[in-house]
1. Let me see the pair-distance distribution of segment A:9-277: every alpha carbon pair, 10 Å bin width, integer percents in order.
2. With an 8 Å Cα cut-off and a minimum separation of 6 or more residues, compute the relative contact order for segment A:439-492 in percent.
3. Rounded, prolate or oblate: pick one for segment A:135-291, where a ≥ b ≥ c are the square roots of the eigenvalues of its C-alpha gyration tensor, a/c under 1.5 means rounded, and failing that, prolate if a/b is larger than b/c, else oblate.
4. Which angle between 0 and 90 degrees, to the nearest 10, do you get for helix A:367-379 versus the longest principal axis of chain A when only C-alpha atoms count?
5. Return the Rg/Rh value of segment A:211-352, two decimal places, where both radii are evaluated on C-alpha atoms and Rh is the Kirkwood radius.
6. Simple spin-label model, 7 Å along Cα-to-Cβ: A:Glu97 to A:Lys195 in nm?
7. In terms of the Cα gyration tensor, with a ≥ b ≥ c the square roots of its eigenvalues, is segment A:265-419 rounded because a/c is under 1.5, prolate because a/b exceeds b/c, or oblate?
8. Sort A:279-286, A:129-136 by packing, meaning the average of other beta carbons within 10 Å per residue, with the highest value first.
Amino acid sequence: MQSTKQTIRIYNSLSGKKEEFKPLNEEHIGMYVCGPTVYSNVHLGNVRTFMSFDMIFRYFKHLGYKVRYVRNITDAGHLENDADEGEDRIAKKARLEQIEPMEVVQKYTVDFHNILNKFNFLPPSIEPTATGHIIEQIEIVKDILDKGLAYEINGSVYFDVVKFNETNNYGKLSGRNIEDMIANTRELNAQSDKKNPQDFALWKKAEPKHIMRWPSPWGDGFPGWHLECTAMSTKYLGEQFDIHGGGMDLKFPHHECEIAQAEASYGHTPVRYWMHANMLTLNGKKMAKSTGNNILPTEIFTGDNEHLSKAFSPSVARFFMLQAHYRSILDFSNDAILAAEKGYNRLMDGIGLISFLKTSPTSSLDITKWKQQCYDAMNDDFNTPILIAHLFEGVKYINLIKDGKESISEADLEMLSTTMTELTFDVLGLENKSASSSSGEDKLGGVVDLLIQLRAEARLNKDFATSDKIRNELTELGIELKDGKDGTTFSIN
RNA sequence: GGCGUCAUGGCCGAGUGGCUAGGCGGAGCUCUGCAAAAGCUUUUACAGCGGUUCGAAUCCGCUUGACGCCUCCA
């Protein structure tokens, strides 16, 4: 753990600027991140957002903060659009797969956890579900009704955005103003109950066929999409907390509505630092479940996708994504992840060499300065690409020391080693997956080692015909031999 | 149509008013029976046009292009 006090600057979407981060309580940080709606498999774009916050969670913990990280599961069905039509997406999936809505939820929640585990995610401190907090949500609806900022029509309750805007600023997060929105709204459907198109549902009446339903003062229904996050963040983090995160596409309307709900109910703004992770694109376009323009994590692991030439380990995919800043759009391509894989291997090889380095009485390198540069990168709005650049600098140091071109003292080597490993594994959350684990691969490894031995003997006898035959035949099979100073290793392509 | 973001070298991708990002690829060298691997060194940039400035790729304006939100979305 890093005990030195670090000053962190965070880009706050609310102000549009980087601000010095000061938690409400000195040692504790409260962070809420909007989780997935579990009606289908998470794609790689979803993973990127959660990975950004996993990295941020890890860094805070590494610095010694006590972090309560809440990431919800949206398991209540919400409508396909914000007008009054559209099917509940979970119900739709249940109908298509001919299972219960709660089976849909269970299936994809399990999938979500499995995938995140493969990517070496830390579990959040609390992972609450929307359906587990219906009572809390109903209480908020009642409260907002009491304050006169919502209205009930035909068993549904809507937030009165226009009225709210008279005393508050609706749109401050996404940089909109309500006059523009009214001027630009398309015609409202005739059957809508809303007074204004900008109003959003706090509670929706359930039609008779709607399976996911709960009793409420306004009849059987289900909560509006934006409400669950207000209920759960308040319950576990308080009426005001430090960080609220999510994907860029949630900024409007979702986060805007969260702010409105909390301000209406509690009378003050709920979040100090709003953070938004940018999109992962494929072919230059946002990954989206609805358009089919996406890659599933499983396809990365197997290579079974038209965009991929081979399989990639979760750690390589993680490295690929962390090589871009979380607020930048990142385009996924085979070439880009292929390049990332080579870089990742270089980083891992470098770290693997640390324990073999010999120390000297003095250092020819300024390790203290290098270390601070690593932390400066993270402190500047979690700039992982810069951190990785410094880690590669560290790899260069390691190689130069190994070749005797630079020297390092025992204390500096300790610092180099600790910094490299902690930042790579604890903060970035990478794993060194070079060691093969399955028994089949172990046996193959034994066989290849035997061939390597035979080849070494042939080379010793200057029987290059035999040694080259072994090497070439193995290459044909996709096994590459690598001759090094300390013997031969191999890799399977 | 409204609001917003971004345009960087062969590719990916940071950053900044004047001083090296980094990775991949390319080139050279070391190592090697040869080759590969590995390591070291090295290479080029800031969409276009104006403006501000001693100086701009970095600030301002315009143009072009791409993307995102405005409907569920990470």
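1. 7, 29, 36, 23, 6, 0
2. This gives 20 percent for segment A:439-492.
3. Rounded, because the longest to shortest axis ratio a/c is under 1.5.
4. So the inclination is approximately 20 degrees.
5. Reported Rg/Rh (Cα atoms, Kirkwood Rh): 1.11.
6. For A:Glu97 paired with A:Lys195, the spin-label model returns 4.1 nm.
7. It comes out oblate by the Cα gyration axes.
8. Details: A:279-286: 16.1, A:129-136: 18.5.
The most tightly packed comes first, giving A:129-136, A:279-286.
The values are calculated or read from the model by the stated rules, or taken from the named source; none is laboratory data. Computed from a prediction, not measured in an experiment: that's the story for all the values here. Glycine also receives a Cβ, built like all others from the backbone with ideal geometry; neighbour counts cover every protein chain displayed. Heavy atoms of the whole protein, side chains included, go into the accessibility calculation; ligands, DNA and RNA do not. Shrake-Rupley method; radii C 1.70, N 1.55, O 1.52, S 1.80 Å.
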